[in-house]
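Step one of this worksheet: look at the structure below.
The values are calculated or read from the model by the stated rules, or taken from the named source; none is laboratory data. As the structure is a prediction and not an experimental result, all values here were calculated from the model. Heads up, the Cβs are rebuilt from the backbone with ideal geometry, glycines too, and the neighbour counts pull from every protein chain shown.
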């Protein structure tokens, strides 16, 4: 049996062309040690046959349950969540998988002409202190696609029951509590597009999450950071 190093998890709904673009950004880099797990609850995609890609068509009443389903179906030592309207860059496959959390950069399509700029949040460095790592996070621009997680640091995470940027933040903070080594890289993991319009994740902006009220849940993590 081949041990799986990396599981790339994709949930898609009613966006077959965008899904095809997303999957095609991965296929040429697949090896027996990389798997792709897909769930499509609208049954409208054209399956691209590949021994490393597994398709499911389960229906759920909230997106967090899909994330959990995909995670439970995966076997990889490392886990990466990819939205169906985003797609990976070659640099994603070029960084070292040697930390509990690996954090990279991304390209959003904010410009009217659809050209890309890089959100340079991280530079190349290895951190062994979770407080230092958390302090380097920029919640204004935080996207789940920036992070690759070692399976062991998220396996007991409760995914919640709604579609909210808080779940992304919670997952990163939860993983940090169990992590001993954090790798931050200047590599650009993916293109984040607005082609899907109704993006699966809420935009990672401070305005969208009402900072004064809705970030209160982070106090529990902050207490842990200062006492551990």
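So which residues in the stretch 148-174 are in a helix (DSSP H, G or I), modelled with pLDDT of 95 or more and either in contact with a helix residue (DSSP H, G or I) (Cβ under 8 Å, 6 or more places away or on another chain) or crowded, with 19+ Cβ neighbours inside 10 Å (or both)? Reasoning before the result, please.
First, the residues of the stretch 148-174 that are in a helix (DSSP H, G or I): 151-153, 165-174.
In the following step, the residues that additionally are modelled with pLDDT of 95 or more were identified as 151-153.
Answer for the stretch 148-174, where residues must be in a helix (DSSP H, G or I), modelled with pLDDT of 95 or more and either in contact with a helix residue (DSSP H, G or I) (Cβ under 8 Å, 6 or more places away or on another chain) or crowded, with 19+ Cβ neighbours inside 10 Å (or both): just 153.
Restricting attention to the stretch 137-147, does a residue exist that is part of a strand (DSSP E or B) and either within 21 Å of residue 82 (Cβ to Cβ) or touching a residue at least 40 places away in the same chain (Cβ under 8 Å) (or both)?
First pass over the stretch 137-147, keeping only residues part of a strand (DSSP E or B): 147.
Next, from what is left, pick out any that are either within 21 Å of residue 82 (Cβ to Cβ) or touching a residue at least 40 places away in the same chain (Cβ under 8 Å) (or both): 147.
Taking every residue of the stretch 137-147 in turn, at least one turns out to be part of a strand (DSSP E or B) and either within 21 Å of residue 82 (Cβ to Cβ) or touching a residue at least 40 places away in the same chain (Cβ under 8 Å) (or both).
On the basis of being within 19 Å of residue 150 (Cα to Cα), out of contact with any helix residue (DSSP H, G or I) (no Cβ under 8 Å at 6 or more places or on another chain) and assigned to a loop (DSSP other than H, G, I, E, B), does residue 96 make the cut? Reasoning before the result, please.
Numbers: within 19 Å of residue 150 (Cα to Cα): yes; out of contact with any helix residue (DSSP H, G or I) (no Cβ under 8 Å at 6 or more places or on another chain): yes; assigned to a loop (DSSP other than H, G, I, E, B): yes.
Yes, satisfied.
Answer yes if at least one residue in the stretch 117-127 is surrounded by 15 or more Cβ atoms within 10 Å (Cβ to Cβ), closer than 18 Å to residue 22 by Cα and at pLDDT below 95, and no otherwise. First the steps, then the outcome.
Step one: of the stretch 117-127, the residues surrounded by 15 or more Cβ atoms within 10 Å (Cβ to Cβ) are 119, 121-122, 127.
Within this subset, residues satisfying the condition of being closer than 18 Å to residue 22 by Cα are none.
Looking for residues that are surrounded by 15 or more Cβ atoms within 10 Å (Cβ to Cβ), closer than 18 Å to residue 22 by Cα and at pLDDT below 95, one finds none in the stretch 117-127, hence no.
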